[in-house]
1. Checking the conditions here, which among 80, 32 is assigned to a strand (DSSP E or B), among the β-branched types (Val, Ile, Thr) and over 29 Å from residue 227 (Cβ atoms)?
2. Within segment 161-199, which residues are under 16 Å from residue 361 (Cβ atoms) and either within 15 Å of the chain's Cα centre (by Cα) or not polar (S, T, N, Q) (or both)?
3. Pull up segment 14-36, narrow it to residues that are closer than 30 Å to residue 220 by Cβ and touching a Leu at 6+ places or on another chain (Cβ under 6 Å), then point me to the one that is surrounded by the fewest Cβ atoms within 10 Å (Cβ to Cβ).
4. Residue by residue through segment 63-72, note down the ones that are surrounded by fewer than 20 Cβ atoms within 10 Å (Cβ to Cβ) and more than 10 Å from residue 99 (Cα to Cα).
5. Pull up segment 102-122, narrow it to residues that are touching a residue at least 40 places away in the same chain (Cβ under 8 Å) and within 30 Å of the chain's Cα centre (by Cα), then point me to the one that is surrounded by the fewest Cβ atoms within 10 Å (Cβ to Cβ).
6. I'm trying to understand the selection: among the residues of segment 323-350, which are over 13 Å from residue 370 (Cα atoms) and among the aromatic types (Phe, Trp, Tyr)?
7. Are there helices (runs of 4 or more DSSP H) fully within segment 278-359 with at least 1 residues that are of a type in the set (Phe, Trp, Tyr) and free of Cβ contacts under 8 Å to residues at least 12 places away in the same chain? List them.
Amino acid sequence: MGKKYNLLIVDDEEPLRVLLESGLSESEEFSVDVAADGGEAINKVQAKVYDVILLDIRMPRVSGIEVLKFVQEYSPTTQVIILTNYVDVKTAIQTIKLGAYDFLAKPYDIDELFNTIHRAIERKQLFIDNKLMKSELTRKAGSSELIGQAPAFLKLIESATRFAESDSFVLIQGASGTGKELIASLIHRRSPRNNRPFVAVNCASIPDTLLESELFGHEKGAFTNAVATKQGLVEVAHGGTLFLDEVGDISPAIQPKLLRFLETGEFRRVGGTNLLTVDVRVVCATNKDLREEVQAGRFREDLLYRLNVITLRVPPLKERKEDIPVLAEYFLQRKSKTKNAKKLSPAALNALIEYDWPGNVRELEHAIEGAILLSSGDTIEVNDLSMYSHRPERAGVAEGGSPAQGSEQESLEDLEREHIERMLRQHNYSRTKTADALGISKKTLYLKIKRYNLKVED
């Protein structure tokens, strides 16, 4: 069974409070807390993330309306169900305009109560899905399926599936473009948390000044332009899985805060003083050797030990070349705009197998997509492939389309240098677009530009 949903009952009438707590606690899907007044409710909301709050309107000192307004600002994904007497129905309807999900009139029908709570939970999940949709679309431009039969790849899938059942931290190591996020997603789907959010954060793409706020949220007025309280992604992921991609790029300033969160589940929003607690399973990925980063003083050793409970290594595409034909066929079918997908000539397929794929599966995907557009017929030839196009005589392509052997064949480094140079020109020297097209990070592209002494126009 998945993680329990957190419920908070807020009512100043003790008999009703006890009755609700008893009825809801019998269900294994709920973890129930109670508050006897509005002030106590606000304190609990500041210390814990709740999925649903059952809130009485009429309470002394701090009213239900005040609690509702606080929840809407402090924890906007939390769904509030108003508890009311029949005489207060008009007021309850007004609370809907203030952001409450629904209202229930006393006395409560237990089936109606459970149904309303379940609908509220579904609404929260929809809210989270919509909140993540934009980043999800930009983040998942590539394939979402795990494809391959290479022994090393199958062993990886078997290990990831086996470890999914636990709540242990997992560190996924592998070069850019190998599919580390797909492995993290597999772990989430096969885990008891699969009905809760999977939230991915690319630590390398978010500036240091914003990463803490993205992860842990911020309070209104915490810094310039912080015009409203914002929940962090660790709150959005409550009950589910938080995937920290490229965790090796997190700055030394944020690493201690991440370590504390991993050890305790507690955090503070930027500009806040209250400790919040969430329950998430953390999966990390990196294309760096974190032990080397520790020796260089760029990564905390204690953080490495915390993350490195279980380690999975994703093999690069050059170590699973037997998967290239099936991956290429998958991308041909997926990227084709017509009913009948184009085919690869034997020479073109051989060229794909022979190439070293520094950008791994992501680069192969882009190469197939480009070849579909460049090829004029139903068959893709060697010259239609981006890493061989426009230079068959230099790439050592002999008559018949097969890569030639001997002194005229260029080295893989020469092929890579020319491929990067051509992709830079095609994308008007935009490093971001070029890195995306190559399936590598901007930092990797920068290092290759330096390595090959490429001239980059600004």
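1. Values: 80 fails: over 29 Å from residue 227 (Cβ atoms).
Just one listed residue meets the conditions, 32.
2. From segment 161-199, those under 16 Å from residue 361 (Cβ atoms) are 172-186; that's our starting set.
172, 174, 175, 177, 179, 180, 181, 182, 183, 184, 185, 186 - these are the residues of segment 161-199 that are under 16 Å from residue 361 (Cβ atoms) and either within 15 Å of the chain's Cα centre (by Cα) or not polar (S, T, N, Q) (or both).
3. My answer is 33.
4. 63, 65, 66, 70 - these are the residues of segment 63-72 that are surrounded by fewer than 20 Cβ atoms within 10 Å (Cβ to Cβ) and more than 10 Å from residue 99 (Cα to Cα).
5. By that ranking, first place goes to 121.
6. The one that is over 13 Å from residue 370 (Cα atoms) and among the aromatic types (Phe, Trp, Tyr): 330.
7. Hits in segment 278-359: 301-307.
Table: residues versus (1) farther than 29 Å from residue 275 by Cβ; (2) in contact with a helix residue (DSSP H, G or I) (Cβ under 8 Å, 6 or more places away or on another chain).
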site: 25; (1), (2): no, no
site: 33; (1), (2): no, yes
site: 55; (1), (2): no, yes
site: 59; (1), (2): no, yes
site: 69; (1), (2): no, no
site: 92; (1), (2): yes, no
site: 102; (1), (2): yes, yes
site: 113; (1), (2): yes, yes
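The values are calculated or read from the model by the stated rules, or taken from the named source; none is laboratory data. Note that this is a predicted model, so its numbers are computed, not measured. Heads up, the Cβs are rebuilt from the backbone with ideal geometry, glycines too, and the neighbour counts pull from every protein chain shown.
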